[in-house]
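All of the numbers you see were taken from the coordinates with simple rules; none came from a lab. All values derive from a computational prediction rather than experimental measurement. Neighbour counts run over all protein chains shown; Cβ positions are idealised from the backbone, glycine included.
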Amino acid sequence: MAPMALDSPNFSEDSTNHRDGLALEETSDAIDKVNLLKASMRVKNGTATQADVDIYTASQFDAEKDKTQFRQYDDACDRVKDFYREQHTKQTVAYNLRAREDFRNNTRGEMTIWQAMEKLNTLIDESDPDTSLSQIEHLLQSAEAIRRDGKPAWFQLVGLIHDLGKLLFFFGSEGQWDVVGDTFPIGCRFDANSIIYPGTFTANPDATHEVFSSEHGIYAPGCGLDNVMLSWGHDEYLYLICRDQSTLPAEALAMIRYHSFYPWHSAGGYRWMMNEKDEGMLKAVRAFNPYDLYSKSDELPRAEELKAYYMGLINEFFPPREGEGERVIRW
Ligand SMILES: [Fe+2]
Ligand SMILES: [Fe+2]
């Protein structure tokens, strides 16, 4: 029997638990601030990529000029460092195999893309005036900035959905550390030159494992990122969903899967893993990055006015099955 379109999202049992969505988003915002700061530092010391320059120019970020902002970054750094100490301790091969096994064997909920956007919005409450944007606003701002620049429909749709994997936080993740934050390969040496706070891996058992701590670990040079296990979080989770349930092109899937892989797309690490396909994917991911980081300060979009347009894109790349008005996604 074909599944019916749902009036309200169907969550698996106990999915809307008592998780603090606001705290998750504060951590996520602080991580973005630190990534912006790092981009601006690369511009200043002459090692910037084009994406760094785009972000820097667009945000007109200048820590030296604005001391208040600089202090905020310092605070953000403290918060972010604590976050990474936990993430870098717990993202192990064993955990990542378990997370993927759990993903394959369970459906966490059934709802359409738009329902997922609304759900994320209500779960991550925007009651704190310092927490700039609601989830829907961030997603629509990214999408609208991409649309304004005349990019293709699939690119706009990536902007719209790229953070929906954060629903994982309410679907039984172990904490914030396996939902947000920069991602990195698991199963080979943690690259101290490209990963943020590399000193915080000391309690991770993989850091001293005979194979997993060797330079290439379980991989061969040139194996291609499709064959690499990236630390589990909202990127990988949404990527698997889109790979299996959408018609989005490879570049779109790469933007979703790698948007938090800063050690690779911004810091130049892990080049030895890449194959020919990944060269093109890197360009795509870098093209997306400014729309994620910078669009946060644009003017506020109105969800209800934009919904009809974006429903057209959703239906194009998540085609409804027989008997469905909109595609019901298995989350
Ligand atoms: Fe994200
Ligand atoms: Fe984002």
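Less than 5 angstrom separates the built amide H of GLY109 from those of SER12, TRP331, all sequence-distant by 5 or more or on a different chain.
With all pairs of separate Cα atoms included, region 20-330 yields a Kirkwood hydrodynamic radius of 19.9 Å.
Maximal additional length on extending the ASP82-TRP272 stretch stands at 65.4 nm, based on 0.36 nm per residue less the C-alpha distance.
Taking the Cα centre of region 20-330 as origin, work out the dipole magnitude from +1 charges on Lys and Arg Cβ and -1 charges on Asp and Glu Cβ, in debye rounded to 20.
Its charge dipole is roughly 680 debye.
Summarising the label geometry, the points placed 7 Å from Cα in the beta-carbon direction at LYS90 and TRP114 lie 3.5 nm from one another. Given R0 = 56 Å, the distance between the Cβ atoms of ASP149 and ASN105 translates into a calculated FRET efficiency of 0.90. Approximating the spin labels as points 7 Å out from Cα along Cα→Cβ, the LEU22-to-ASP244 distance works out to 3.5 nm. Among PHE171, GLN87, LEU22, whose Cα projects farthest towards the positive end of the dipole of region 20-330, with charges put on the beta-carbon of Lys, Arg (+1) and Asp, Glu (-1)? Ranked along the dipole, the leading option is GLN87. The C-alpha atoms of region 100-217 occupy a region whose extents along the principal axes are 47, 35, 32 Å, arranged from largest to smallest.
Sorting ILE256, ILE146, ILE136 from the fewest to the most surrounding beta carbons within 10 angstrom yields ILE136, ILE146, ILE256. For the pair ARG98 and ASN193, label points projected 7 Å from Cα toward Cβ lie 3.4 nm apart. Within region 242-278, what residues put their amide N at less than 15 Å from the label point 7 Å along the Cα-to-Cβ vector of ARG321? Only 242, 244-247 pass the distance filter.
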